[in-house]
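A short write-up of the structure that comes next.
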Amino acid sequence: MTSLLLTFAAKEESRPFEKLIGARSNLRVLLTGIGQRNAERAIRGALAEQLPKLVLTSGFAGGLNPELATGTVVFSTDEEVPSRRGNEADSPLNVQDPPPYLGGYEPCLSAALLAADARPVKFYCAEKVVATAEEKRALWVSTGADAVEMESGVIRAICREHNIPSATVRVISDAANEDLPFDFNRLMDANQNLSYGKLALASLKSPGKISALLKLQKHTRLAAEKLAEVLVRVCQRA
């Protein structure tokens, strides 16, 4: 039986975690694809097969809060969800040695994430890639969110429909003051997946941006590895 379901938009985000965690019978990794539409379809399909005890929606996030550097692991949990063991209140926290959180101990999940050096933040779930520092700044002012992503909002809303505790655990792949090398919204196919053909063509048309693209790839690889380390520490308590 799957106790823990982790979702990622793309393989690049999940690969380091899957390599570190190895095979576990109580854990499933779901690749949703990019964006809210793909995420909704994927999570509804997964929950129709089996209801896990906890869902973690993971992957990359863009920084909106200037204090969040690239590689910072950030999170948000559903501490208000009642215990799935019954109606009793959650047990008091012990950050140094939290009890198992699967089964509805969201405060203990928060404690485990804090112990793994992750930071609690407010997320904004966007419908498109936020590509420039100017867009990030405007979104930070208008929403008060610290980080932006494209799947977690809809995934967690659907989890709430099923009374399944969930949390967002992501890593900053590009900081608030950084422009992405391309507007990746223009490089998506009809299913909102990144078209590597369009990316190659854009790179040929703008060779001066190739170094920035390679730098982004390096940063996202390191960020995914940092996220994997935190997720493994948290999952080992499950």
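A cut-off of 5 Å between modelled amide H atoms, ignoring neighbours fewer than 5 places along the same chain, links residue 174 with 61, 63.
About its Cα centre, the dipole of segment 183-238 is roughly 160 debye, where the only charges are +1 on Lys and Arg Cβ and -1 on Asp and Glu Cβ.
Panel order for 171, 232, 148, by other beta carbons found within 10 Å of each beta carbon, from fewest to most: 232, 148, 171. The H on the amide N of residue 7, modeled in the peptide plane, is under 5 Å from the matching H of 30, 56, 57, 58, each at least 5 residues off or on a different chain. Neighbour counts of other Cβ atoms within 10 Å put 124, 196 in the fewest-to-most order 196, 124. Seen from every direction in turn and averaged, the convex hull around the alpha carbons of segment 128-238 projects onto 9.0 nm². In this rough spin-label picture, where each label sits 7 Å from Cα along the Cβ direction, the residue 218-residue 19 distance is 1.7 nm.
Residues whose amide H comes within less than 5 Å of that of residue 166, counting only those at least five positions distant or on another chain, are 55, 78 (H built at 1.01 Å from N in the peptide plane).
In plain terms, the residue of 189, 183, 174 with the fewest other Cβ atoms within 10 Å comes first and the most crowded comes last, giving 189, 183, 174. Computed about the Cα centre, the dipole magnitude for segment 1-46 is approximately 100 debye when only Lys and Arg (+1) and Asp and Glu (-1) carry charge, each at its Cβ. Fully extending the segment from residue 205 to residue 49 would add 51.7 nm, taking 0.36 nm per residue of separation and subtracting the current Cα-Cα distance.
Computed from point charges on the beta carbon alone (+1 for Lys and Arg, -1 for Asp and Glu), the dipole magnitude for segment 4-235 about its Cα centre is near 740 Debye. Pairs of Cα atoms under 8 Å, at least six residues apart: use those to get the relative contact order of the chain, whole percent. Relative contact order here is 29 percent.
Within the chain, the proportion of Cα pairs with more than 33 Å between them is 16 percent. So for the chain: antiparallel DSSP bridges make up what percent, rounded to the nearest 5? The antiparallel fraction comes to roughly 25 percent.
Only the coordinates and a few stated rules stand behind these numbers; no lab work does. Everything quoted here is computed from the prediction, not taken from an experiment. Backbone-built Cβ (ideal geometry, glycine too); neighbour counts: all protein chains shown.
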